[in-house]
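Let me begin by presenting the structure, written as C-alpha coordinates, before commenting on it.
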Amino acid sequence: MGRLPTAPLVCLAVLFSICGRPAQALQTPTGDHAAHHRFVLPSFTFEDGTTLPNTVVSYGTYGRPNAGRDNVILLPSSYMADHHDNDWLIGPGQALDTTRWFLVATELFGNGHSSSPSNTPEPHHGPRFPRATIRDNVEAVHRLLVDELHVRRLVAVIGFSMGAEQAFQWAVSYPDYVDRIVALAGTARCWPHGKVRLDAELASIRSDTAFHGGDYTSPPRDGIRLFSLVWAGWLTSQEWWHQELWKGPAWPPGDSYESVVGYFADSLFAGLDANDLILQAETWRQHDVGVTKGYDGSLARALGAISARVLYMPVATDLYFPVSDAKAEARLIRRADLVPIPSLWGHVAGGGGDEGSRPFVNQRIGAFLRER
(Lines give C-alpha, C1' and ligand atoms only; values in the text may rest on other atoms or scores of the structure.)
Protein backbone atom coordinates (compact mmCIF):
# COMPACT_ATOMS: atom_id res chain seq x y z
CA MET A 1 0.00 0.00 0.00
CA GLY A 2 2.97 2.37 0.26
CA ARG A 3 3.91 4.64 3.12
CA LEU A 4 3.21 8.12 4.32
CA PRO A 5 6.03 10.39 3.13
CA THR A 6 8.36 12.09 5.57
CA ALA A 7 6.68 15.39 4.74
CA PRO A 8 3.43 15.85 6.72
CA LEU A 9 0.98 14.82 4.05
CA VAL A 10 -2.34 16.13 5.11
CA CYS A 11 -3.25 17.65 1.92
CA LEU A 12 -0.36 19.69 3.01
CA ALA A 13 2.87 19.74 1.12
CA VAL A 14 5.93 21.01 2.92
CA LEU A 15 5.95 24.79 2.87
CA PHE A 16 9.23 25.68 1.23
CA SER A 17 11.03 28.89 2.03
CA ILE A 18 10.37 30.89 -1.11
CA CYS A 19 11.92 34.23 -1.83
CA GLY A 20 9.41 36.66 -3.25
CA ARG A 21 9.95 38.36 -6.58
CA PRO A 22 7.63 39.98 -9.13
CA ALA A 23 5.75 37.62 -11.39
CA GLN A 24 7.61 37.05 -14.62
CA ALA A 25 5.02 35.43 -16.80
CA LEU A 26 5.94 32.35 -18.76
CA GLN A 27 9.53 32.09 -17.55
CA THR A 28 10.40 28.57 -16.43
CA PRO A 29 13.58 26.60 -16.00
CA THR A 30 14.24 23.42 -17.92
CA GLY A 31 12.89 20.10 -16.71
CA ASP A 32 10.09 19.67 -14.21
CA HIS A 33 11.27 22.11 -11.57
CA ALA A 34 8.83 24.90 -10.82
CA ALA A 35 9.61 28.54 -11.32
CA HIS A 36 8.16 30.57 -8.46
CA HIS A 37 6.26 33.83 -9.01
CA ARG A 38 4.18 36.39 -7.15
CA PHE A 39 1.20 38.08 -8.79
CA VAL A 40 0.21 41.28 -7.02
CA LEU A 41 -3.24 42.81 -7.36
CA PRO A 42 -3.10 46.53 -6.47
CA SER A 43 -6.41 46.00 -4.69
CA PHE A 44 -8.80 43.09 -4.33
CA THR A 45 -12.27 43.07 -2.80
CA PHE A 46 -13.25 39.88 -1.00
CA GLU A 47 -16.79 38.55 -0.75
CA ASP A 48 -17.03 39.84 2.82
CA GLY A 49 -16.67 43.39 1.44
CA THR A 50 -13.08 43.98 2.59
CA THR A 51 -10.76 45.59 0.04
CA LEU A 52 -7.16 44.52 0.56
CA PRO A 53 -4.34 46.51 -1.07
CA ASN A 54 -1.41 44.69 -2.68
CA THR A 55 -3.07 41.29 -2.60
CA VAL A 56 -0.59 38.54 -3.45
CA VAL A 57 -1.17 35.25 -5.24
CA SER A 58 1.87 33.01 -4.96
CA TYR A 59 2.25 30.42 -7.71
CA GLY A 60 4.63 28.19 -9.61
CA THR A 61 4.87 27.27 -13.29
CA TYR A 62 6.12 24.11 -14.97
CA GLY A 63 6.83 23.62 -18.66
CA ARG A 64 6.15 26.18 -21.37
CA PRO A 65 3.02 27.52 -23.04
CA ASN A 66 2.62 26.72 -26.71
CA ALA A 67 2.09 29.40 -29.32
CA GLY A 68 -1.67 29.48 -28.83
CA ARG A 69 -1.47 29.18 -25.04
CA ASP A 70 -4.02 26.39 -25.28
CA ASN A 71 -2.00 23.79 -23.34
CA VAL A 72 -2.54 25.31 -19.87
CA ILE A 73 -3.63 23.28 -16.85
CA LEU A 74 -4.34 24.90 -13.48
CA LEU A 75 -3.32 23.14 -10.26
CA PRO A 76 -4.86 24.92 -7.24
CA SER A 77 -3.40 23.96 -3.85
CA SER A 78 -4.88 22.10 -0.91
CA TYR A 79 -4.92 23.01 2.79
CA MET A 80 -1.76 24.93 3.82
CA ALA A 81 0.10 23.59 0.78
CA ASP A 82 2.36 25.41 -1.64
CA HIS A 83 2.76 25.09 -5.41
CA HIS A 84 4.58 21.76 -5.04
CA ASP A 85 1.32 20.16 -3.86
CA ASN A 86 0.86 18.10 -7.02
CA ASP A 87 4.46 17.35 -7.94
CA TRP A 88 3.73 13.62 -7.76
CA LEU A 89 1.57 13.96 -10.89
CA ILE A 90 4.22 15.90 -12.82
CA GLY A 91 7.02 14.63 -15.02
CA PRO A 92 7.91 12.16 -17.78
CA GLY A 93 5.54 9.22 -17.78
CA GLN A 94 3.17 10.92 -15.33
CA ALA A 95 -0.26 12.38 -16.06
CA LEU A 96 1.18 15.88 -16.33
CA ASP A 97 4.12 15.71 -18.71
CA THR A 98 5.58 19.18 -19.07
CA THR A 99 6.76 18.48 -22.61
CA ARG A 100 3.05 18.76 -23.47
CA TRP A 101 1.41 20.84 -20.74
CA PHE A 102 2.07 24.25 -19.25
CA LEU A 103 1.16 23.97 -15.58
CA VAL A 104 0.18 26.86 -13.32
CA ALA A 105 0.17 25.81 -9.65
CA THR A 106 -1.45 28.40 -7.37
CA GLU A 107 -1.45 28.79 -3.59
CA LEU A 108 -4.53 29.54 -1.50
CA PHE A 109 -4.86 32.72 0.52
CA GLY A 110 -3.69 31.95 4.04
CA ASN A 111 -0.80 29.58 3.35
CA GLY A 112 1.81 32.13 4.45
CA HIS A 113 3.04 32.87 0.92
CA SER A 114 -0.06 34.20 -0.79
CA SER A 115 -1.73 37.01 1.18
CA SER A 116 -2.37 35.65 4.66
CA PRO A 117 -3.19 36.76 8.19
CA SER A 118 0.47 36.23 9.09
CA ASN A 119 2.04 38.33 6.33
CA THR A 120 -0.46 41.17 5.88
CA PRO A 121 0.13 44.47 7.71
CA GLU A 122 -2.46 46.26 9.80
CA PRO A 123 -5.29 47.03 9.62
CA HIS A 124 -5.75 43.52 8.17
CA HIS A 125 -3.17 41.55 10.12
CA GLY A 126 -4.00 38.37 12.02
CA PRO A 127 -7.68 37.90 12.92
CA ARG A 128 -8.59 41.06 10.95
CA PHE A 129 -7.72 39.44 7.62
CA PRO A 130 -10.71 39.12 5.24
CA ARG A 131 -12.79 35.96 5.50
CA ALA A 132 -11.54 34.50 2.24
CA THR A 133 -13.80 32.09 0.35
CA ILE A 134 -13.03 29.54 -2.33
CA ARG A 135 -14.70 31.94 -4.78
CA ASP A 136 -12.34 34.73 -3.69
CA ASN A 137 -9.40 32.47 -4.49
CA VAL A 138 -10.84 31.51 -7.86
CA GLU A 139 -11.51 35.15 -8.78
CA ALA A 140 -7.97 36.25 -7.89
CA VAL A 141 -6.45 33.40 -9.89
CA HIS A 142 -8.72 34.18 -12.85
CA ARG A 143 -7.24 37.66 -12.89
CA LEU A 144 -3.75 36.16 -12.76
CA LEU A 145 -4.47 33.90 -15.72
CA VAL A 146 -6.19 36.52 -17.85
CA ASP A 147 -4.26 39.69 -16.98
CA GLU A 148 -0.78 38.34 -16.28
CA LEU A 149 -0.44 35.09 -18.23
CA HIS A 150 -2.90 35.94 -21.04
CA VAL A 151 -4.55 32.53 -20.93
CA ARG A 152 -7.86 32.49 -22.81
CA ARG A 153 -9.01 29.02 -21.77
CA LEU A 154 -7.90 26.17 -19.52
CA VAL A 155 -7.52 22.60 -20.67
CA ALA A 156 -8.28 21.48 -17.12
CA VAL A 157 -8.32 22.35 -13.44
CA ILE A 158 -6.91 19.52 -11.33
CA GLY A 159 -7.02 19.72 -7.56
CA PHE A 160 -6.76 17.65 -4.39
CA SER A 161 -8.91 18.29 -1.30
CA MET A 162 -9.40 22.08 -1.12
CA GLY A 163 -7.92 22.08 -4.62
CA ALA A 164 -10.87 19.92 -5.68
CA GLU A 165 -13.23 22.42 -4.07
CA GLN A 166 -11.63 25.08 -6.24
CA ALA A 167 -11.92 22.89 -9.33
CA PHE A 168 -15.68 22.58 -8.84
CA GLN A 169 -15.96 26.32 -8.25
CA TRP A 170 -14.09 27.02 -11.50
CA ALA A 171 -16.57 24.84 -13.38
CA VAL A 172 -19.48 26.77 -11.85
CA SER A 173 -18.06 30.31 -11.89
CA TYR A 174 -16.33 30.17 -15.29
CA PRO A 175 -18.11 27.52 -17.38
CA ASP A 176 -16.81 28.93 -20.67
CA TYR A 177 -13.22 29.05 -19.47
CA VAL A 178 -12.67 25.43 -18.35
CA ASP A 179 -12.85 22.35 -20.58
CA ARG A 180 -12.61 19.74 -17.84
CA ILE A 181 -11.86 19.29 -14.15
CA VAL A 182 -10.35 16.55 -11.99
CA ALA A 183 -11.49 16.48 -8.36
CA LEU A 184 -9.24 14.34 -6.15
CA ALA A 185 -10.58 13.59 -2.66
CA GLY A 186 -12.70 16.72 -2.43
CA THR A 187 -16.33 17.74 -2.92
CA ALA A 188 -18.30 20.69 -4.26
CA ARG A 189 -19.42 21.71 -0.78
CA CYS A 190 -18.43 21.06 2.81
CA TRP A 191 -21.07 18.66 4.13
CA PRO A 192 -22.19 18.70 7.80
CA HIS A 193 -19.94 15.81 8.87
CA GLY A 194 -16.92 17.75 7.62
CA LYS A 195 -18.07 20.88 9.44
CA VAL A 196 -18.20 19.00 12.74
CA ARG A 197 -14.57 17.96 12.31
CA LEU A 198 -13.48 21.46 11.39
CA ASP A 199 -15.42 22.95 14.30
CA ALA A 200 -13.52 20.67 16.70
CA GLU A 201 -10.17 21.57 15.15
CA LEU A 202 -10.87 25.30 15.21
CA ALA A 203 -12.03 25.09 18.84
CA SER A 204 -8.75 23.33 19.69
CA ILE A 205 -6.67 26.34 18.67
CA ARG A 206 -9.05 28.91 20.12
CA SER A 207 -9.16 27.12 23.49
CA ASP A 208 -5.46 27.73 24.07
CA THR A 209 -5.08 30.53 26.62
CA ALA A 210 -2.19 31.90 24.55
CA PHE A 211 -4.47 32.49 21.56
CA HIS A 212 -6.00 35.75 22.84
CA GLY A 213 -8.61 35.96 20.08
CA GLY A 214 -5.90 35.76 17.44
CA ASP A 215 -3.77 38.58 18.85
CA TYR A 216 -1.19 36.28 20.40
CA THR A 217 2.31 37.38 21.31
CA SER A 218 3.63 33.82 21.29
CA PRO A 219 2.27 30.89 19.28
CA PRO A 220 -0.59 28.91 20.85
CA ARG A 221 1.43 25.70 20.58
CA ASP A 222 -0.83 23.58 22.80
CA GLY A 223 -3.84 24.52 20.70
CA ILE A 224 -2.03 23.75 17.46
CA ARG A 225 -0.89 20.40 18.86
CA LEU A 226 -4.49 19.51 19.77
CA PHE A 227 -5.63 20.71 16.34
CA SER A 228 -3.10 18.30 14.80
CA LEU A 229 -4.24 15.43 16.99
CA VAL A 230 -7.88 15.86 15.96
CA TRP A 231 -6.74 16.13 12.34
CA ALA A 232 -4.78 12.88 12.59
CA GLY A 233 -7.84 10.88 13.59
CA TRP A 234 -9.46 11.67 10.25
CA LEU A 235 -6.38 11.69 8.06
CA THR A 236 -6.19 8.06 6.95
CA SER A 237 -8.81 5.36 7.61
CA GLN A 238 -9.94 3.01 10.33
CA GLU A 239 -8.43 0.09 8.43
CA TRP A 240 -5.11 1.92 8.10
CA TRP A 241 -4.93 1.99 11.88
CA HIS A 242 -6.32 -1.55 12.27
CA GLN A 243 -3.74 -3.05 9.91
CA GLU A 244 -0.95 -0.85 11.32
CA LEU A 245 -0.01 0.33 7.86
CA TRP A 246 2.39 2.86 9.34
CA LYS A 247 4.84 0.02 9.97
CA GLY A 248 7.87 -0.23 7.73
CA PRO A 249 11.60 0.48 7.72
CA ALA A 250 11.20 3.90 6.07
CA TRP A 251 8.59 5.29 8.45
CA PRO A 252 10.47 7.97 10.49
CA PRO A 253 8.53 7.95 13.80
CA GLY A 254 9.02 4.21 14.40
CA ASP A 255 6.78 1.20 14.52
CA SER A 256 4.47 1.91 17.45
CA TYR A 257 1.08 3.54 17.80
CA GLU A 258 2.53 5.98 20.33
CA SER A 259 5.33 7.14 18.05
CA VAL A 260 3.00 7.65 15.09
CA VAL A 261 0.41 9.59 17.09
CA GLY A 262 3.17 11.66 18.70
CA TYR A 263 4.60 12.47 15.30
CA PHE A 264 1.21 13.59 13.99
CA ALA A 265 0.52 15.73 17.06
CA ASP A 266 3.94 17.35 17.13
CA SER A 267 4.77 17.67 13.42
CA LEU A 268 1.70 18.08 11.23
CA PHE A 269 1.38 21.83 11.70
CA ALA A 270 4.43 22.70 13.80
CA GLY A 271 5.77 26.14 12.97
CA LEU A 272 2.68 27.27 11.04
CA ASP A 273 0.73 30.35 12.05
CA ALA A 274 -2.47 29.76 14.01
CA ASN A 275 -4.43 32.51 12.23
CA ASP A 276 -3.38 31.08 8.87
CA LEU A 277 -4.56 27.63 9.95
CA ILE A 278 -7.88 29.09 11.06
CA LEU A 279 -8.42 31.14 7.91
CA GLN A 280 -8.01 28.21 5.55
CA ALA A 281 -10.08 25.90 7.77
CA GLU A 282 -12.91 28.44 7.70
CA THR A 283 -12.53 28.83 3.93
CA TRP A 284 -12.93 25.07 3.70
CA ARG A 285 -15.84 24.95 6.16
CA GLN A 286 -18.03 27.52 4.44
CA HIS A 287 -17.55 26.28 0.89
CA ASP A 288 -20.62 25.47 -1.19
CA VAL A 289 -20.84 26.04 -4.95
CA GLY A 290 -24.61 26.38 -4.52
CA VAL A 291 -24.24 29.83 -2.96
CA THR A 292 -22.51 31.12 -6.10
CA LYS A 293 -24.34 34.16 -7.43
CA GLY A 294 -27.26 33.09 -9.60
CA TYR A 295 -27.93 29.72 -7.96
CA ASP A 296 -29.80 30.88 -4.84
CA GLY A 297 -28.10 28.38 -2.55
CA SER A 298 -29.05 25.37 -4.68
CA LEU A 299 -26.24 22.83 -4.97
CA ALA A 300 -28.29 20.82 -7.46
CA ARG A 301 -28.73 23.80 -9.78
CA ALA A 302 -25.08 24.76 -9.61
CA LEU A 303 -23.81 21.24 -10.29
CA GLY A 304 -26.44 20.72 -12.97
CA ALA A 305 -25.15 23.78 -14.81
CA ILE A 306 -21.58 22.44 -15.10
CA SER A 307 -20.69 22.01 -18.76
CA ALA A 308 -17.08 20.88 -18.23
CA ARG A 309 -16.26 17.21 -18.28
CA VAL A 310 -15.59 15.96 -14.76
CA LEU A 311 -13.34 13.18 -13.51
CA TYR A 312 -14.43 12.73 -9.91
CA MET A 313 -11.96 10.65 -7.88
CA PRO A 314 -12.87 10.27 -4.20
CA VAL A 315 -10.85 7.87 -2.06
CA ALA A 316 -12.81 4.77 -1.12
CA THR A 317 -11.84 5.13 2.57
CA ASP A 318 -11.70 8.94 2.90
CA LEU A 319 -13.13 10.26 6.17
CA TYR A 320 -12.78 13.94 5.21
CA PHE A 321 -14.72 13.67 1.95
CA PRO A 322 -16.61 10.35 2.09
CA VAL A 323 -17.25 8.56 -1.19
CA SER A 324 -21.00 8.67 -0.40
CA ASP A 325 -20.92 12.48 -0.66
CA ALA A 326 -19.10 12.24 -3.98
CA LYS A 327 -21.67 9.77 -5.31
CA ALA A 328 -24.54 12.09 -4.33
CA GLU A 329 -22.89 15.04 -6.08
CA ALA A 330 -21.86 13.08 -9.19
CA ARG A 331 -25.51 12.22 -9.86
CA LEU A 332 -26.21 15.93 -10.26
CA ILE A 333 -23.46 16.54 -12.85
CA ARG A 334 -24.22 15.91 -16.51
CA ARG A 335 -20.81 14.64 -17.63
CA ALA A 336 -19.12 13.14 -14.58
CA ASP A 337 -17.07 9.96 -14.41
CA LEU A 338 -16.96 8.77 -10.80
CA VAL A 339 -13.81 6.72 -10.23
CA PRO A 340 -13.06 5.93 -6.55
CA ILE A 341 -9.40 5.46 -5.65
CA PRO A 342 -9.00 1.96 -4.12
CA SER A 343 -6.81 2.63 -1.10
CA LEU A 344 -6.80 2.05 2.65
CA TRP A 345 -4.82 5.25 3.17
CA GLY A 346 -7.90 7.45 3.39
CA HIS A 347 -7.69 11.11 2.47
CA VAL A 348 -3.94 11.17 1.85
CA ALA A 349 -4.27 8.77 -1.09
CA GLY A 350 -5.89 11.59 -3.07
CA GLY A 351 -2.71 13.63 -2.61
CA GLY A 352 -0.26 10.87 -3.52
CA GLY A 353 0.32 9.70 0.06
CA ASP A 354 -0.28 6.05 -0.85
CA GLU A 355 2.53 5.10 -3.21
CA GLY A 356 0.58 1.98 -4.20
CA SER A 357 -2.31 3.96 -5.66
CA ARG A 358 -0.25 6.64 -7.42
CA PRO A 359 0.00 4.73 -10.74
CA PHE A 360 -3.80 4.22 -10.76
CA VAL A 361 -4.47 7.93 -10.26
CA ASN A 362 -1.85 9.01 -12.77
CA GLN A 363 -3.14 6.60 -15.39
CA ARG A 364 -6.76 7.69 -15.01
CA ILE A 365 -5.94 11.40 -15.14
CA GLY A 366 -3.65 10.92 -18.14
CA ALA A 367 -6.32 8.98 -20.01
CA PHE A 368 -8.95 11.59 -19.12
CA LEU A 369 -6.79 14.40 -20.54
CA ARG A 370 -6.22 12.45 -23.77
CA GLU A 371 -9.90 11.76 -24.38
CA ARG A 372 -11.56 13.74 -27.17
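Residues in the stretch 82-101 that are more than 13 Å from residue 158 (Cα to Cα) and touching a Pro at 6+ places or on another chain (Cβ under 9 Å): 98, 99.
Each row is one residue, and each column tells you yes or no for (1) at pLDDT 95 or above; (2) of a type outside the set (Gly, Ala, Ser); (3) in a loop (DSSP other than H, G, I, E, B).
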{"residue": "297", "(1), (2), (3)": "yes, no, yes"}
{"residue": "303", "(1), (2), (3)": "yes, yes, no"}
{"residue": "332", "(1), (2), (3)": "yes, yes, yes"}
{"residue": "337", "(1), (2), (3)": "yes, yes, no"}
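In the stretch 84-94, the qualifying residues are those that are in a loop (DSSP other than H, G, I, E, B) and in contact with a strand residue (DSSP E or B) (Cβ under 8 Å, 6 or more places away or on another chain), and the one that is most open to solvent (accessible area, probe 1.4 Å) is 84. Of all residues in the stretch 96-148, those that are within 18 Å of the chain's Cα centre (by Cα), farther than 27 Å from residue 216 by Cα and among the charged types (D, E, K, R) total 2. All conditions in (1) open to solvent by less than 50 Å² (accessible area, probe 1.4 Å); (2) at pLDDT below 95 hold for residue 33, with the sole exception of (1).
Please work out which residue is nearest to residue 146 (Cα to Cα), limiting yourself to the stretch 156-195 and to residues that are part of a strand (DSSP E or B) and open to solvent by 10 Å² or more (accessible area, probe 1.4 Å).
Step one: of the stretch 156-195, the residues part of a strand (DSSP E or B) are 156-160, 178-184, 189.
Checking the rest, the ones that are also open to solvent by 10 Å² or more (accessible area, probe 1.4 Å) come to 179-180, 189.
Values: 179: 16, 180: 18, 189: 26 Å.
Restricting to residues being part of a strand (DSSP E or B) and open to solvent by 10 Å² or more (accessible area, probe 1.4 Å), the top hit is 179.
For residue 115, the conditions (1) open to solvent by less than 10 Å² (accessible area, probe 1.4 Å); (2) small (Gly, Ala, Ser); (3) more than 23 Å from residue 293 (Cα to Cα); (4) in contact with an Asp or Glu (Cβ under 8 Å, 6 or more places away or on another chain) are fulfilled apart from (4).
The values are calculated or read from the model by the stated rules, or taken from the named source; none is laboratory data. Because the structure is a prediction, the values reported are computed rather than measured. Here the Cβ is made from the backbone with ideal geometry for all residues, glycine too, and neighbour counts use every protein chain on show. All accessible areas refer to the heavy atoms of the entire protein, side chains included, with ligands and DNA or RNA removed. Shrake-Rupley method; radii C 1.70, N 1.55, O 1.52, S 1.80 Å.
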